Structure formats: structure tokens, C-alpha cells
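Heads up, the thing below is written out as C-alpha cells.
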Amino acid sequence: MTKILEKMKHKTITLSFLSGIAGAVVVLITLLVISNTGIDNAYNNQKTDINSQNEMPVYNNASYAPQQAIDLTHAATKSVDAVVHIKTKIITRTNSYDDFFGPFREYFYRHPQNNSYIAFGSGVIISNDGYIVTNNHVIDGADQIMITFNNEIETEATVVGVDPNTDLALVKVDESGLPFLNFGDSDNLQIGDWVLAVGNPFDLTSTVTAGIVSAKARNINILGGQSSIESFIQTDAVVNRGNSGGALVNTNGELVGINAAIASHTGVYEGYSFAIPVNIVKKVVNDLMHYGEVQRGYLGVQIQDIDAEFAHATGLESVNGIYVAGVVENSGAAEAGLKEGDIIISINGINTNSLSTLLGVVAQHSPGEEVTLEIKRSDNTEDVNVMLKNRNGDISIVEASDSFFNQELGAELQPVDQSELNKLHINGGLKVLNVNNGILSKSGITKGFVITIINGKIVKTQSDIENAMNNNRSNIIRLNGIYPNGVKVSFEFMR
């Protein structure tokens, strides 16, 4: 027997470990049998004493109720009839058409047909009388916009207004009694909430996918331009080309976002998709309906995200908040007493740990409205009310037909009225009212010239021209236009 035991000591660690497990299982089974037969009363009494003294926690008594199963059928049924298929026809005009769609070219199909392109996307009906919201990049530059409803009826749409800074557009069809989605509240969305993405991926109609809210206030640097507003809702609902402009809805079937983009190396879904929050959509759509131009409010500050490196370089104790790097003269922020070096902790009670969060809240307000900032200055915190102003530095309404000055072109411009559009046989453009020092004066362009296209993009508003110039990746500006006598010309400028 002793020899046998000595041999067992020379077994490997692995065998000993496995043997130990087997032994433990045998002991456990034995104890269970003894306990059940009532033989070992002392063991039972000891277990009772331990539990009575609360020395061992009871794990099977959970303090929370299990989550009920989520029923998404109501939201899906309500949404599919309110989401439309959008087909746009774009006639090619320049050799630089490949750059026409900018960073969005991979998010929807383009099918060349002779001298035109056909693109597909989605849209959401937001009223029973035919208003439809979609992405600006879905209808950008379109010569014809066709809407197909879920019942396969097709009709043509007209553009009400666009806002490249948020990548939103509003179009209208001449129909009534349409199914539509009610606006929800994107600020109430929580990370982990279930959402549905409804759209027309790969030119397929009425497709519904589900996911959860993965993050809020994401900035993915896709819109470009200094005036762009990116505060996306990130989800893992499957979104592909053709979903652009479609609906993101909550479990109640309410619209909480407009799907706009995916994060992808291949051009198809890889796990992340992004939607424009509906609280921003509501503001933009309302302005486009009433004024044809977004009434955008500005704080009047130069701001910067705070990371660990910046905090260390500036001697800040925390990375929380947004750093005020400068204050614009005569702005709402200047009048409220903000100073360089202030840190914005929150806006309207919402913590501002990212620039996109701050911009997302400001984008929901108009000039003349006040927002409340919680700022930290030195070691003190205080609340400051700031009245937002428009791009002109006041609180008046900015109409789409108002003239404006573009510094780089060195010209005062104004959207062309309908009578002149008909006379020149063009769909839109910006008329030169005055020329100062700038690109146009150097090229001999004078008052009366109508700019129709810049860098392959049709320009009809101030937002259009800013977007076309800010998103240009080269130092060359390509400009197309027409003189009052109908002569069409094109120019190329070095910036």
C-alpha cells in the first residue's frame, strides 16, 4: 500500500488536479446524499446557524425584477408605411463629377444612365399633407426627385429647403391623408435603449432592422466645414447604402433620428451606424418650412475639447467640460461675461464633456433664445444665461432670399428670384450684387453674374456656397455661372 502511495506522488500536476476535481465531486455527491437522508443532522444545524447569522449572502433572492421581453412589432408596423423610397436623377455637368457627392458617395447607389446618374435613398413622412425629411446628401444636386410609397405608388417631389450643416433636407409631395411618424424626444434616449432602423437598403423597400443605442453625441467628422453640426446617435442597428434618410424609431414607433451614415471600411455595414437626433431635425424642419433657411443660433465662443494632454499643458485639474479658447466680440457670450479660460461644465443641465454635446444642444435653439451655461472659473462655478445670436450678430429672422457677403469670393450675393430663373432657364443660383476685393474681382466677374455651381455642387443659398467651398479638398475652386444675356461660362481659381 505504501508503494502505491509513493507512486501516486509522482503523478503529474495535471492528473493530480483532475483527480482533485473528481474527489471533490464525489465528496459533494456524498454530502448531498447524506443531507437528503437526514443522516448528518449536525451539518444541517451548522448550515442553519450560518444563514441565521447572515455570514453567507443569499444569492437566489434578486433585488430587481427581470426585464420584460421587448415587443418591436408595433413600432415596425407603424413605421414601414411612413418611410418612403427616394430615387433621384442627376444630370452630369462637369468632368469632376466623381467629387460631386463628397464623403457620402459610398452611402447610396449611383447607376449611370448616359449623361445622368440615378441615386437611391430613403425619406420619412412627417405630416399627412406630404412633407418628407431626408438627408441632404440623398437629394443634393438632383434634377428630379421621385418618391415611392410603401404601397408602390410613385410621385414627384419638390425641394422645400436644405441644410448641409446638419445633412438634412425637406421635400414635399402633392398628396394628402398620408401615414406619418410623430416626433419623439431624442434627449430622452438612453444608452442601451432598443431602436429600429427603417429604410430601403440596396434598393430594397421597407426593410426593418433592430439594435440598441450604443452612444450619443458622436462626432465622426464626416460633414466637413467649420459650421457643420455633428452630434449623432450611434446604434448597432444594421444600416446600409440606401438607408440614408430613413427613420430611427423607438419602441413606441416615434421618430427619434434620421439615419445618415455608417462607419465602414468596405462601404457596407460593419457594426456601427449613425443618426441625426430628432430634436435637431425638428428645429431644422420647422425653420425650412417657415423661412426656407435655418435660423441658427450661435454662442459666440471659440471652444476646444479637453483631453489629458490639453489639461496637463494648461494646468487643468480635470478633463471634464469644454474649454473657452476665445470670445467673439459683441456676441451673446461676450455680453454674458464669458472669458477666455472659462470651462463650460453643462448647458441647460446637460453635461458637456464633448464639443458635439454642446453643439447638439445649441442647434436646437434659435437666435433670441437663451441657454443656461454652468461655467467653472478658477475654483468657482456659476450659472450664466447667454442669448444666442444669428450669423449677422443680431436676433432678427434670416430669410432665404436675404443677401449675404462671402469673404473669400469678395462678393455680396443673393438667391435668384423665380422670374429671373425662368428667364435664364436655370433651376437656381446666386446673383452677384456687388464685388469687392476677392476671387471674383480678380477674374473680372461683375455685378449681375449668376453663380450656379461651385466645385460640382449647385448653389442656391448661403449654406450651399459655404458647404461647397468648405468641403473642397483641393486648392482649386471650380465655378460655373451665367451672365444676364444667357452666356454660360466656367472658371477655375487657386485659393
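Working only within segment 216-225, note down all residues that are at positive phi and open to solvent by 40 Å² or more (accessible area, probe 1.4 Å).
We begin by selecting, within segment 216-225, every residue at positive phi; these are 217, 221, 224-225.
Within segment 216-225, N221 is the sole residue that qualifies.
Given the options N422, N390, name the one that is of a type outside the set (D, E), at negative phi and in contact (Cβ under 8 Å) with a residue 24 or more places away in the chain.
N390
Would you check which residues across segment 367-403 are of a type in the set (S, T, Y) and modelled with pLDDT under 95 and list them? Talk me through it step by step, then tell me what you get.
Looking only at segment 367-403, we keep the residues that are of a type in the set (S, T, Y), and these are 372, 378, 381, 396, 401, 403.
Passing the criteria: S378, T381, S396, S401, S403.
Any idea how many residues of segment 151-171 are over 25 Å from the mean Cα position of the chain (by Cα) and of a type in the set (S, T, N, Q)?
Filtering segment 151-171 down to residues over 25 Å from the mean Cα position of the chain (by Cα) leaves 151-156.
If we keep only those that are of a type in the set (S, T, N, Q) too, we end up with 151, 155.
Residues that pass the stated criteria total 2.
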**OP:** Under 6 Å between Cβ atoms, at least 6 apart or on separate chains: pull out the pairs that start in segment 286-313 with a residue that is within 17 Å of I375 (Cα to Cα) and end on any residue that is in a loop (DSSP other than H, G, I, E, B).
**Re:** G300/V328; G300/S331; I306/V319; A311/V319
**OP:** State all residues of segment 169-179 that are among the small types (G, A, S) and assigned to a strand (DSSP E or B); if no residue qualifies, say none.
**Re:** A169
Original post:
Which number in (1) over 15 Å from Y272 (Cα atoms); (2) among the β-branched types (V, I, T); (3) surrounded by fewer than 16 Cβ atoms within 10 Å (Cβ to Cβ) marks the one condition that I147 misses?
Top reply: (3)
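Taking segment 231-266, which residues are in a loop (DSSP other than H, G, I, E, B) and open to solvent by 10 Å² or more (accessible area, probe 1.4 Å)?
Those that are in a loop (DSSP other than H, G, I, E, B) and open to solvent by 10 Å² or more (accessible area, probe 1.4 Å): S231, D236, V238, N240, R241, N250, T251, N252, E254, S264, H265, T266.
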Subject >> Residue count for segment 344-355, restricted to those that are modelled with pLDDT under 95 and buried (at least 21 other Cβ atoms within 10 Å of the Cβ) >> reply: 1
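Residues checked against (1) in contact (Cβ under 8 Å) with a residue 24 or more places away in the chain; (2) out of contact with any strand residue (DSSP E or B) (no Cβ under 9 Å at 6 or more places or on another chain):
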residue: N135; (1), (2): yes, no
residue: D140; (1), (2): yes, no
residue: N150; (1), (2): yes, no
residue: T155; (1), (2): no, no
residue: T166; (1), (2): yes, no
residue: G177; (1), (2): yes, yes
residue: L181; (1), (2): yes, no
Original post:
Can you name every residue in segment 370-384 that is closer than 18 Å to S331 by Cβ and either among the hydrophobic types (A, V, I, L, M, F, W, C) or open to solvent by 90 Å² or more (accessible area, probe 1.4 Å) (or both)?
Top reply: E370, V371, L373, I375, V384
Original post:
Could you count how many residues in segment 180-215 are touching a Ser or Thr at 6+ places or on another chain (Cβ under 8 Å) and either open to solvent by less than 50 Å² (accessible area, probe 1.4 Å) or assigned to a strand (DSSP E or B) (or both)?
Top reply: 14
**OP:** Give just the number: which of (1) open to solvent by 10 Å² or more (accessible area, probe 1.4 Å); (2) under 35 Å from the mean Cα position of the chain (by Cα) does V450 not satisfy?
**Re:** (1)
**OP:** Name the one entry in N480, N392, N485, N436 that is out of contact with any Asp or Glu (no Cβ under 7 Å at 6 or more places or on another chain) and crowded, with 18+ Cβ neighbours inside 10 Å.
**Re:** N480
Subject >> strands (runs of 3 or more DSSP E) contained entirely in segment 268-353, each with at least 3 residues that are out of contact with any Gly (no Cβ under 7 Å at 6 or more places or on another chain) >> reply: 272-277, 301-305, 322-327
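The values are calculated or read from the model by the stated rules, or taken from the named source; none is laboratory data. These numbers were taken from a predicted model, which means no experiment stands behind them. Glycine gets a Cβ as well: all are built from the backbone with ideal geometry, and neighbour counts include every protein chain shown. Please note that ligands, DNA and RNA were not included when accessible areas were found on the heavy atoms of the full protein model with its side chains. Shrake-Rupley method; radii C 1.70, N 1.55, O 1.52, S 1.80 Å.
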